[in-house]
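Please read the structure below before turning to the comments.
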Amino acid sequence: MTTLKGMTWTHPRGFEPLAASADEWRQKTGVEVKWEKPGLEELEDLTPVDIARDYDLIVIDHPHLGQITADNCLAPLDVEGREDEREAMKKGSVGGAFEAFHYKAHQWAFPIDVDAQVMAYRPDRAPSLPDNWDDLIKLAEDGHVMLPLRPPHNLLTFFTLAANAGTPCRNDGAGNLIDEDDGIAAYERLVELARLVPEDNQAMDPVAILEALSAPDTQASISPYVSGYALYARDGFRHHRLGFANIPGLGERGPAGSVLGGTGIAVSAFTENRDAAIDYAYWIASGPVQATLYAGAGGQPGHADGWKSLEVNSAVNGFYRNIADTAAHAYMRPRHNGYIRFQREASDVLNEALRTDAPAIAVIGRLNKLFEDSF
């Protein structure tokens, strides 16, 4: 029996649907897929090459593509004879999710999980949902707002604020990350909101925010820019169910510009079972599987068939339907080799700047220089 070894992320949303797929795939093909979810401490000293040598299938984020492909770690998935399947995935893309894994003329992964920064709220407590910035600030002044500011999520919110205002950060090559005036405007909005949320938000990531928001003793009721997790929209998943909605618009673009998130499934360039691994990748990313087995096992589909499914939406109180506009017009982060280092360093710059009230012009200068140096 052929056995494939796969690596995914530790959250149930990242592991459970893939683990659930293994039984059906073994029954269909005789191929066994063993999924592992190593922790960050286990991956700390491993290079992309190390990981690719250890695993046949790898779940990746699109911003890592530049680094991973520079090290020749992945097998391209745009193989001959399967054009119709790829075209079906492309047509079923949630916004730019499929395009996000197409880099330097090849398709390196297929989206199996999609999210974006969306608005999460407590239906039982939120006094209203803000449509614009002024409404959001009023709610924040009244203590209703939480925001994940732990790096890199402070940077992702900066990206969202810039793109939603119609001045997106560069994601297509070298140059300044953002025009100075546009960057200052986005940063000043981030500062304005960050000053109005609880101080402990500086150390919180999206999951921590969603956990706090759904807890019985929370004081806040809204998080306007937080990664969407459909599990929190399920009845009974936590003490209080969360609702999800499109982000508030800064101008005339509605909810466009939210940072695109999610993951894709890739195949190691070093696998001895390349055909078997590619077959599994095509199957698990296909519309019919994404809308049934994958979503039913707690996954967050990367295909529009799952997002449009009445059954899938019913299980999560319309989660996908309610944030569809945000996801469809999301902003894709840079993917060049060097971006991940930039994301880490730029997030630290913002973290320090928010803590010390650094001048906006100096912060944008630092971000632009870091971006320039990342190429």
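The values are calculated or read from the model by the stated rules, or taken from the named source; none is laboratory data. Here the structure is a predicted model, which is why all the values come from computation and not from measurement. We place every Cβ from the backbone using ideal geometry, glycine too, and count neighbours over all the protein chains shown. What goes into the accessible areas is simple: the full protein's heavy atoms, side chains included, and nothing from ligands, DNA or RNA. Shrake-Rupley method; radii C 1.70, N 1.55, O 1.52, S 1.80 Å.
The requirement of being of a type in the set (Asp, Glu), closer than 30 Å to Asn337 by Cα and in contact (Cβ under 8 Å) with a residue 12 or more places away in the chain is not satisfied by Asp131. For segment 26-36, filtering for residues that are buried (at least 18 other Cβ atoms within 10 Å of the Cβ) and out of contact with any Leu (no Cβ under 9 Å at 6 or more places or on another chain) leaves 0. Using the structure shown, decide if Leu65 is free of Cβ contacts under 8 Å to residues at least 12 places away in the same chain and surrounded by 13 or more Cβ atoms within 10 Å (Cβ to Cβ). No: the conditions fail for Leu65. Of the helices (runs of 4 or more DSSP H) lying entirely inside segment 237-353, those carrying at least 3 residues that are out of contact with any helix residue (DSSP H, G or I) (no Cβ under 7 Å at 6 or more places or on another chain) are 274-284, 310-315, 319-328. Reported count of residues in segment 3-43, each being without any contact (Cβ under 8 Å) to a residue 40 or more places away in the chain and part of a loop (DSSP other than H, G, I, E, B), is 5. Only residues that are surrounded by fewer than 21 Cβ atoms within 10 Å (Cβ to Cβ) and either in a helix (DSSP H, G or I) or not hydrophobic (A, V, I, L, M, F, W, C) (or both) were counted across segment 161-188, and they come to 16. For segment 304-339, filtering for residues that are of a type outside the set (Gly, Ala, Ser), surrounded by 20 or more Cβ atoms within 10 Å (Cβ to Cβ) and in contact with a strand residue (DSSP E or B) (Cβ under 7 Å, 6 or more places away or on another chain) leaves 6. Within segment 340-352, if we keep just the residues that are free of Cβ contacts under 8 Å to residues at least 60 places away in the same chain and of a type outside the set (Asp, Glu), the residue that is most open to solvent (accessible area, probe 1.4 Å) turns out to be Arg341.
The sole residue among Arg238, Arg253 that is basic (Lys, Arg), in contact (Cβ under 8 Å) with a residue 60 or more places away in the chain and open to solvent by 30 Å² or more (accessible area, probe 1.4 Å) is Arg253. Looking at Tyr229, Tyr225, just one residue is open to solvent by 10 Å² or more (accessible area, probe 1.4 Å) and under 20 Å from the mean Cα position of the chain (by Cα), and that residue is Tyr229. The set of residues from segment 189-205 being loosely packed, with under 15 Cβ neighbours inside 10 Å, of a type in the set (D, E, K, R) and part of a helix (DSSP H, G or I) comprises Glu192, Glu199, Asp200.
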